[in-house]
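Asker: Below are the structure tokens for one structure; questions will follow.
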Amino acid sequence: MKRNTIVGIVIALVLLTIAGFYISQIQLGYWIVGQPTPLFIIQNEDSNSHKVDIEIFNSDNESIFKELYTLNQNEKKRIPKPQTMTNSESYHAYTFKVTLDNETTKILTEMIDPWTTPVIDLYSPHNKNASGEVIPLDIRVTVV
């Protein structure tokens, strides 16, 4: 009977260890860096309103998101990630196509995980070209 008890305890410990490892791999990122960041952040630092069309494509070049936003002066929006992109094992290439006022288009392809967020800047005074002019549209990536 002692042998069966010891074997049972060993099996239980092995199963608990495996389950704990699996759970920690899924949840470890949340414990270290917190909740997932937004799908993207868009901020208008201009004194005028602007229309911004955003389309996101998956790695198969299929459109998975398309939305038109109107941002007033100094307005900032944080668009949450869909549940399918918040799993700590979710790490895929996405292409962001951003068009400002039906004139300027920028494209960014980036590996996105729950803690990687593209930031779309409109007329940010921090983004200037070589001659010192403010760039109307810029996309950068932040990682927590």
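Asker: Rank these for me by crowding, Ser49, Ser131, going from fewest to most other beta carbons within 10 Å.
Answerer: Ranked by crowding around the Cβ, least crowded first: Ser131, Ser49.
Asker: Which option, (i) 11.7; (ii) 15.4; (iii) 14.0, is the value of mean projected area of the Cα convex hull in nm² that was calculated from these coordinates?
Answerer: (i)
Asker: A follow-up question, please. Just grab the label-to-label distance for Ile18 and Lys76, each label 7 Å out from Cα along the Cβ direction, in nm (one decimal).
Answerer: 4.7 nm
Asker: Angle, helix 2-33 long axis vs. longest principal axis of the chain, Cα atoms, 0 to 90°, nearest 10?
Answerer: Taking the Cα atoms of the chain, the angle to 2-33 is about 10 degrees.
Asker: Can you sort Phe65, Phe96, Phe40, Phe57 so the residue with the fewest Cβ neighbours within 10 Å comes first?
Answerer: Phe65, Phe57, Phe96, Phe40
Asker: Arrange the following residues from fewest to most other Cβ atoms within 10 Å of their Cβ: Lys2, Lys76, Lys97.
Answerer: Listed from fewest to most nearby Cβ atoms, that is Lys2, Lys76, Lys97.
Asker: Would you work out which of Pro125, Ala12, Leu71 lies farthest towards the positive end of the dipole of the chain? Charges go on Cβ: Lys and Arg +1, Asp and Glu -1.
Answerer: Value: Ala12.
Asker: Hey, what number do you get for the chain at 222 nm if only DSSP H runs of n ≥ 4 count, each worth -39500 (n - 2.57), divided across all residues, to the nearest 500?
Answerer: Helix contribution divided over all residues of the chain: -8000 deg cm²/dmol.
Asker: Distance from a point 7 Å along Cα→Cβ of Phe65 to each backbone N in the range 105-144: keep the residues under 17 Å and list them by number.
Answerer: 106-122, 138-144
Asker: Name the aspartates and glutamates eligible as straight-distance cross-link partners of Lys106: C-alpha to C-alpha under 14 Å, and not fewer than 8 places from it in the same chain.
Answerer: Straight-distance partners of Lys106: Asp53, Glu55, Asp121, Asp138.
Asker: For Pro36, what charge total do you get from the other residues with a beta carbon under 12 Å from its beta carbon, if Lys and Arg give +1 and Asp and Glu give -1?
Answerer: Computed value for this residue: +1.
A short reminder: the numbers here are calculations on the coordinates, not readings from a lab. These numbers come from a predicted model, not from an experiment. Ideal geometry is used to build each Cβ from the backbone, glycine not excepted, and the neighbour counts take in all protein chains shown.
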